[in-house]
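The values are calculated or read from the model by the stated rules, or taken from the named source; none is laboratory data. Keep in mind the model is a prediction, meaning the values are calculated, not measured. Ideal geometry is used to build each Cβ from the backbone, glycine not excepted, and the neighbour counts take in all protein chains shown. The area values use the complete protein model at the heavy-atom level, side chains included, leaving out ligands, DNA and RNA. Shrake-Rupley method; radii C 1.70, N 1.55, O 1.52, S 1.80 Å.
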Amino acid sequence: MNAWVLRAVGLGALTVVLRTLLGFAMVNWPTNGSWMRILCLIVLVAIVVAWGVVDGRHDRRANPDPDRGADLTMRWLKAALAGGLGAGLVAWLLDFLPKFDLGDNGLLFEISSGASFIILIIFIPAMIGVALGRYLVGRESKKGSANANTVALNKETAGV
């Protein structure tokens, strides 16, 4: 399976699950809607950033030269597009089932405005996570090379 398909399916499914849980919670506790929406958004963004950090760390370890790394931008853009459109379509279909209250949005809204929001919520935090992961590995390698230089310098001066 392509890496972007895995991300699209996983994050699209997570979006639908969070929207479904939010819909059930809003029916039962309508006065607590604002903090529940923020909580769902934080959960989604945190998982996307974490996955991006893992991708960035793995890519930088595999390709220490920044010019030779994998094209994670296109991987995450494809995943965001497929995940956002898929989540919108599935949410629209689930809204027809009884006891599912996902906002009664139309198909046009779900595959345009709703999907574009999810696309941005997936793509931008993922790119932040990738950059952070690459930075952390680069910092670790610089620290490791500085420690190796210090050890070599100490051995030279001790032998003198």
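Along region 64-74 the Karplus relation, 6.51 cos²θ - 1.76 cosθ + 1.60 evaluated at θ = phi - 60°, assigns HN-Hα couplings of x, 7, x, 7, 10, x, 6, 8, 6, 5, 5 Hz to successive residues, with x for each Gly and Pro.
The distance separating the Cα centre of region 100-133 from that of region 29-44 comes to 16 Å.
May I ask you to give the solvent-accessible area per residue for the chain, in square angstrom, as obtained with a 1.4 angstrom probe?
Values: 9810 Å² over 160 residues.
I get 61 Å² per residue for the chain.
A dipole drawn for region 3-111 from +1 and -1 charges on Cβ atoms has a positive end, and of Leu94, Leu21, Leu72 the residue lying farthest that way is Leu72. Dividing the summed helix terms, -39500 (n - 2.57) for each DSSP H run of n ≥ 4, by the number of residues in the chain produces a 222 nm estimate of -28000 deg cm²/dmol to the nearest 500.
Note on the chain: Cα-Cα pairs beyond 29 Å make up 35% of the total pair count.
Mind checking region 86-118 for chymotrypsin sites (Phe, Trp or Tyr not before Pro) that DSSP puts in a loop (not H, G, I, E or B) and that have at most 14 other Cβ atoms within 10 Å? Intermediate results must be reported in sequence, preceding the final value.
Values: sites: Trp92, Phe96, Phe100, Phe109, Phe117; in loops: Phe96, Phe100.
When the chymotrypsin sites (Phe, Trp or Tyr not before Pro) of region 86-118 are filtered for loop state and at most 14 Cβ neighbours within 10 Å, Phe96 remain.
Assuming charge only on the beta carbon of Lys and Arg (+1) and of Asp and Glu (-1), the dipole of the chain about its Cα centre is about 500 debye to the nearest 20. Mean separation of Cα pairs under 8 Å and 6 or more residues apart, divided by the residue count, gives the chain a relative contact order of 34 percent. A crude spin-label estimate for the pair Asn2 and Asp67, with each label 7 Å from Cα along the Cβ direction, gives 2.8 nm. Taking the charge dipole of the chain about its Cα centre, with +1 at Lys and Arg Cβ atoms and -1 at Asp and Glu Cβ atoms, the residue from Gly114, Gly83, Val130 reaching farthest to the positive side is Val130.
Considering only the other residues whose Cβ falls under 15 Å of the Cβ of Asp65, what net charge follows from Lys and Arg at +1 and Asp and Glu at -1? Intermediate results must be reported in sequence, preceding the final value.
Values: positive: Arg60, Arg61, Arg68, Arg134, Lys142; negative: Asp59, Asp67, Asp71.
Combined, the nearby Lys, Arg, Asp and Glu give +2.
Among Ser112, Ser34, Ser141, the largest mean-square fluctuation in a Gaussian network model of the chain, built with springs joining Cα atoms closer than 10 Å, belongs to Ser34. Compared with the direct C-alpha span, the chain from Asn32 to Phe117 gains 28.4 nm at full extension, assuming 0.36 nm per residue. Springs join every pair of Cα atoms under 10 Å in this Gaussian network model of the chain, and among Arg19, Arg139, Arg61 the largest mean-square fluctuation is at Arg139.
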